[in-house]
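Note sheet for the following structure.
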Amino acid sequence: MRTDLFTDPVDGLDEALSAVDAFDRVLVSGLLRPRPDQAAGLTALATAVAGTPLAALVAEAADKAAAGAAGEDHLVALAAARTALMGSVHDALTERVADITGRRRAERNTPDAAADEPGANVLAAARAWLCDLARAGWQGIDHDLVAGAAPVVSAMLPDPRLRRQATLLDGFAAELAASCPGATLDRVPVRRWADLWTRAMLLTLPGAVRTQALSTATGRLLPLGVDVQEHATAVQAQVHAVFEPADGTEPRLVQAAVSAPKPDTVVGAGLWQLLRPRMSLLAAAGECRTMELDGMPVTEEGDLLWDDAQARTGEPVEPFGTARIILSTATDPVTAPLDRHPARIAVPVLLEGYTVEDEDGGRLSFALAGHRLAVDTDRIPTAGPLTPEAVAASGACLGLLRWDAGEFVLQPLAVETTVRKKAVAVHAGAWAGGTTDKVGVRAEKAATDSVAVLRERAGKLLRA
C-alpha cells in the first residue's frame, strides 16, 4: 500500500473545488438580483469547464444569471457544470485510491438503458420549484417557498419510478423547512445544499433516470464489514464484501444495503430489530460467515439486489483473513455517471503495522511509514461493540477509505486488538445477527418495548 499518497496533492483538485465553492456561494444569496461577487462566482464556474463540451452552454448561462435573467435551461446548464466538476474530482480521487491500494477498477461494459419517461409534468413542476429556490437563495427561503415542494412530492410518490426523486425532494425540503426563515441563519450548509439542489435538478431531466444494467452473481460472498447510517426517521445498513464467482474469474468488491423507517426512540443495538428480518446477510456478517449466492442480481456498480431466496449461509470466515488473502486481488466496482461525487468514495482497505496517535481535539490518526491517516471515529455506530477506545488500542484495522473535508480519512469497520492478553477482533456489525453482550441485550430489549408500544398505539388509531 502506498501510504505516501495519502497526503500528496492531487493535480487540479484544488482548482476544481475552488470553482465549485465559488458557484456554491452564489446560491447563498440567490440569483434574483445578483451582486458583482456572485457574477465572479458564475464566471469561475464557466471558466472551469471552458475546455469541455459544456463550455458554450455554461458561458451563456453564467452571463444570463449574472444579469438576473436566468431561465430554467440556464440553471440546468449551471447544475450540469457543477456536477461535471464534482465528477472530475471524484475521478481524480478514485485514481489516487487505486494507486494507494494497487487494486484495479472495473470498466463499464454495458450502458444503462433509458427508462420510460414517467411524469413529465410533475418533473417539470419539480424543476420550477428548484429554480425558484436558486433565485431566492438559501438566505431568502421562507415557509411558503419551501412548502411548494409538498404537492410535487405527493404527486411523485404513487409512481415507483419517481420514488428516488420524491425522496430526495422530500428530504431536501424538510432540511430547508427546519432552517426557515433563511435570513436568520447563522450558518448555512453551503456545500450540502448545493449538492442536493444540483442532484435534484439533474434527476428531473428526461433521460436522467436509467434502468441499471444487471447481471447475476453465483459464487461465494465473504463479508468484510457493516456500515450503519442512522437518521431520526430511517436507518440503513450496508454490508461490504468480496465476491468470488463460481466460474473462477477474478473476485470483485460488492455491497448490499437494506434500509427501514424507524421511530426516534429506537437507537443503538435496537436498530438491528428493524433491519434483521429484511436481509439474511446481516446475520451472516454478524456471525462472520460466508454466503453462497445463486443467480443474485447485481449491478455493474457492485450493488447486490438482495433476495434471501437466492442465498444460503455458508461456513465461518474471518474478515481479516479475507482481507489479507483476497482483498488486494479484488477489483473495485465502477461508479454510475451521475453518482460521481467525492462523498460517494468508500473503499474497503486493510491497514496493519501502524501506530496510533492522538491529535489536538482528541482526534485519532494512524501513522504508517511516516505518513498520517486521520481516523473518523464519529462514524462508528453505537449499534455494535466497536468503540473509539478499541480503535486506539488496535494493531490492525479493516475500514473504508473516504474523502472528507479535503483529506483522506478512514472509517473503521473492525479492528484487531488485545483484550486480557488475548488477540481479538471487534466488529462494528457484530450484533447484526443478535448478541449475548449485556449492553446489546439491554438496547435490544428497550427497542422491543418501544416498538411494541408504538404498534399498540398505531392499532388503536387505526381502530378509532
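Would you please name the residue that is least open to solvent (accessible area, probe 1.4 Å), looking only at residues in segment 58-89 that are touching a Gly at 6+ places or on another chain (Cβ under 9 Å) and within 14 Å of residue 337 (Cα to Cα)?
89
List every residue pair whose Cβ atoms sit under 7 Å apart, with the two residues 6 or more apart in sequence or on different chains, where the first one lies in segment 2-26 and is farther than 30 Å from residue 136 by Cα and the second, anywhere, is assigned to a loop (DSSP other than H, G, I, E, B).
The qualifying pairs are 3/369.
What about residue 322, is it of a type in the set (Val, Ile, Thr) and open to solvent by 40 Å² or more (accessible area, probe 1.4 Å)? Quick ask: steps written out before the conclusion?
Values: of a type in the set (Val, Ile, Thr): yes; open to solvent by 40 Å² or more (accessible area, probe 1.4 Å): no.
No; evaluated as a whole, the condition is false for this residue.
Is there a residue being surrounded by fewer than 17 Cβ atoms within 10 Å (Cβ to Cβ), hydrophobic (A, V, I, L, M, F, W, C), outside the structural domain of residue 317 (by TED's automatic domain parsing) and modelled with pLDDT of 95 or more anywhere in segment 191-199? Show your work before the answer.
Within segment 191-199, the subset surrounded by fewer than 17 Cβ atoms within 10 Å (Cβ to Cβ) is 191-192.
Then keep just the ones that are hydrophobic (A, V, I, L, M, F, W, C); that gives none.
For segment 191-199, residues surrounded by fewer than 17 Cβ atoms within 10 Å (Cβ to Cβ), hydrophobic (A, V, I, L, M, F, W, C), outside the structural domain of residue 317 (by TED's automatic domain parsing) and modelled with pLDDT of 95 or more: absent.
Mind checking which residues of segment 48-74 are in a helix (DSSP H, G or I) and more than 29 Å from the chain's Cα centre (by Cα)? Reasoning before the result, please.
At the first step, the residues of segment 48-74 found to be in a helix (DSSP H, G or I) are 48, 55-66, 72-74.
Those that are in a helix (DSSP H, G or I) and more than 29 Å from the chain's Cα centre (by Cα): 55, 56, 57, 59, 60, 61, 62, 63, 64, 65, 66.
I'm checking my understanding of the structure. Among residues of segment 329-356 that are touching a residue at least 60 places away in the same chain (Cβ under 8 Å), farther than 16 Å from residue 400 by Cβ and of a type outside the set (A, V, I, L, M), which one is least open to solvent (accessible area, probe 1.4 Å)? Can you show your working first?
If we filter segment 329-356 for residues that are touching a residue at least 60 places away in the same chain (Cβ under 8 Å), which is where we start, we get 329-338, 340-349, 351.
Now narrow it down to the ones that are farther than 16 Å from residue 400 by Cβ: 329, 331, 334, 336-338, 340.
Next, from what is left, pick out any that are of a type outside the set (A, V, I, L, M): 329, 331, 337, 340.
Values: 329: 76, 331: 11, 337: 76, 340: 66 Å².
Among those residues, the one meeting the criterion is 331.
Scan (1) part of a loop (DSSP other than H, G, I, E, B); (2) open to solvent by less than 30 Å² (accessible area, probe 1.4 Å); (3) out of contact with any Leu (no Cβ under 9 Å at 6 or more places or on another chain) for the single condition residue 109 breaks and write down its number.
Result: residue 109 fails condition (2) only.
With respect to residue 16, determine if the residue is under 25 Å from residue 187 (Cβ atoms) and outside the structural domain of residue 188 (by TED's automatic domain parsing).
Values: under 25 Å from residue 187 (Cβ atoms): yes; outside the structural domain of residue 188 (by TED's automatic domain parsing): yes.
For residue 16, the condition - under 25 Å from residue 187 (Cβ atoms) and outside the structural domain of residue 188 (by TED's automatic domain parsing) - is met.
Here is a list: 220, 210. Which entry is among the charged types (D, E, K, R), open to solvent by 10 Å² or more (accessible area, probe 1.4 Å) and either over 27 Å from residue 324 (Cα atoms) or modelled with pLDDT under 90 (or both)? Walk me through it before giving the result.
Numbers: 220 fails: either over 27 Å from residue 324 (Cα atoms) or modelled with pLDDT under 90 (or both).
Going through 220, 210 in turn, just one is among the charged types (D, E, K, R), open to solvent by 10 Å² or more (accessible area, probe 1.4 Å) and either over 27 Å from residue 324 (Cα atoms) or modelled with pLDDT under 90 (or both): 210.
Out of all the residues in segment 284-292, is one or more among the polar types (S, T, N, Q) and at pLDDT below 95?
Within segment 284-292, not a single residue is among the polar types (S, T, N, Q) and at pLDDT below 95.
Mind listing whichever residues of segment 274-302 are open to solvent by 50 Å² or more (accessible area, probe 1.4 Å) and either under 27 Å from residue 415 (Cβ atoms) or assigned to a loop (DSSP other than H, G, I, E, B) (or both)?
276, 287, 289
Say whether the condition of being assigned to a helix (DSSP H, G or I), farther than 27 Å from residue 233 by Cβ, at pLDDT 90 or above and of a type in the set (Val, Ile, Thr) is met by at least one residue in segment 389-401. Full working, then the answer.
Going through segment 389-401, the residues assigned to a helix (DSSP H, G or I) turn out to be 389-392.
Restricting the remaining residues to those that are farther than 27 Å from residue 233 by Cβ gives 389-392.
Now narrow it down to the ones that are at pLDDT 90 or above: 389-392.
Then drop every residue that is not of a type in the set (Val, Ile, Thr), which leaves 391.
Yes, that holds for at least one residue.
The values are calculated or read from the model by the stated rules, or taken from the named source; none is laboratory data. This structure is a prediction, so every number in the text was calculated from the model and none was measured. Heads up, the Cβs are rebuilt from the backbone with ideal geometry, glycines too, and the neighbour counts pull from every protein chain shown. Ligands, DNA and RNA are excluded from the accessible area calculation, which covers all protein heavy atoms including side chains. Shrake-Rupley method; radii C 1.70, N 1.55, O 1.52, S 1.80 Å.
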